[in-house]
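Chemist: Structure incoming, see below.
The values are calculated or read from the model by the stated rules, or taken from the named source; none is laboratory data. Just so we're clear, the structure is a prediction, and the values are computed from it rather than from any experiment. Cβ sites come from the backbone with ideal geometry, for glycine too, and all protein chains shown count toward neighbours.
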Amino acid sequence: MSMTPDGAPARLPAPELRYASTVDRTMIHRRNASEAFVTDVVRTGRHGFAAGALLPSGHPHYAGHTGPSRDRDPMLLLECARQAETYAAHALFGVEPDTRFVLRGWSADFAAFPLVPDPAELLITAVTRNPKVVRDRIRGLDHDLDLWAAGARVGRVSMTVGYVSAAAFAVLRSRTHGGPPPSSDDLRPPNGHPVEPARVGRVRATDAVLLDVVTREGAVTAGLRVAAENSSLFDHSQDHVPAMVLVEAARQLAALATGEWGHGAPDRTEMVAMRSSFSAYAELTEPIELTATPVAAAVPSGRSVEVTFRQTGQEIARARIAMAVRGSGGGVPWLGRR
């Protein structure tokens, strides 16, 4: 039996789940088979569900780290939670197939990963709350998800998601752009100097998403490199920069900044907690600037970093990332749940 961050016993539920193959990719908003991880979702009560997922070994993106995250990238766990929420919204809560999902904010903390076989079976148990209903349609839910592997809890994720009809979304985005917004499929290579992958804990240049890094006293700034050629970050065409890309950029800048501030190089540290919120769409057509500043928060053998995202002079998103030296204490309970 594992323990929760507050010291209480964590009991492992045992729902019947299938792990033989992944679910219909359209139900998790994925095009490529290599980016589908959820294998099953079942209801466990009026407000709850459980999901199974297979964590691949040697994934080109999630295993492409120079440091500890090459074993089990926390971003992979976050993606599994996102896929489970997406499938459940469609299959269990009646969200229409063409609905657009709007992530308003999410938080997560991660524990040390136990030794498991490859590929590893992941169990996700979830409870939903605060339903937003408009004309008998679900238009928003909060999700609290616990992630389990080999009988131990390896992560906790909470997210607030809005569900917008396709027609309303088209009107909203056309109003912003004066017509249909551009697509990530049409992007040209970005201007600027891409960060060296090793500086952000990455092996391949296609996984590095920062440009023009500048270190100043008390802050590190960078531009966002929209890596549309990366099939994990942009599995299909997008009309904005997805939240997962923004969080990955925040994680990379936090890793780089933590090293610059003398709290562990990227090949020795890993993300153990995250909280982020999104106040506007990250548009593809205008530069996005990230600024990382240190936060005075207790992180064993590491550093908490606040990352802000600004576009056309406005803050569009904010993330707090906790980076720690591997093996220094697991998850970080101060982030808690939303």
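Chemist: For region 43-57, check the following and say yes or no: at least one residue is surrounded by 21 or more Cβ atoms within 10 Å (Cβ to Cβ), touching a Gly at 6+ places or on another chain (Cβ under 6 Å) and part of a strand (DSSP E or B).
Modeler: Within region 43-57, not a single residue is surrounded by 21 or more Cβ atoms within 10 Å (Cβ to Cβ), touching a Gly at 6+ places or on another chain (Cβ under 6 Å) and part of a strand (DSSP E or B).
Chemist: For region 248-269, indicate whether the set of residues that are in a strand (DSSP E or B) and either touching a Gly at 6+ places or on another chain (Cβ under 7 Å) or touching a residue at least 12 places away in the same chain (Cβ under 8 Å) (or both) is non-empty.
Modeler: yes
Chemist: Cβ contacts < 6 Å: first residue assigned to a helix (DSSP H, G or I), restricted to region 192-213; second residue among the polar types (S, T, N, Q), any location; separation 6+ or different chain. Result?
Modeler: Ala198/Thr66; Val200/Gln252; Thr206/Asn230
Chemist: OK, next. Which condition number in (1) aliphatic (A, V, I, L, M); (2) crowded, with 19+ Cβ neighbours inside 10 Å; (3) at pLDDT 95 or above; (4) over 27 Å from Ala282 (Cβ atoms) is the one that Ala91 fails?
Modeler: Here Ala91 meets the rest and fails (2).
Chemist: Among the numbered criteria (1) crowded, with 23+ Cβ neighbours inside 10 Å; (2) farther than 20 Å from Gly155 by Cβ; (3) not acidic (Asp, Glu), which one does Met271 miss?
Modeler: Single failed check for Met271: (2).
Chemist: Mind listing whichever residues of region 220-237 are in a strand (DSSP E or B) and touching a helix residue (DSSP H, G or I) at 6+ places or on another chain (Cβ under 7 Å)? Walk me through how you get there before you give the answer.
Modeler: Applying the first criterion (in a strand (DSSP E or B)) to region 220-237 yields 220-224.
Once the filter is applied, which keeps residues that are in a strand (DSSP E or B) and touching a helix residue (DSSP H, G or I) at 6+ places or on another chain (Cβ under 7 Å), region 220-237 yields Val220, Ala222, Leu224.
Chemist: So Leu92 clears everything in (1) in contact (Cβ under 8 Å) with a residue 24 or more places away in the chain; (2) over 16 Å from Asp144 (Cβ atoms) except one condition, right? Which one?
Modeler: (2)
Chemist: For residues that are more than 18 Å from the chain's Cα centre (by Cα), among the hydrophobic types (A, V, I, L, M, F, W, C) and surrounded by 16 or more Cβ atoms within 10 Å (Cβ to Cβ), tally how many sit in region 113-124.
Modeler: 2
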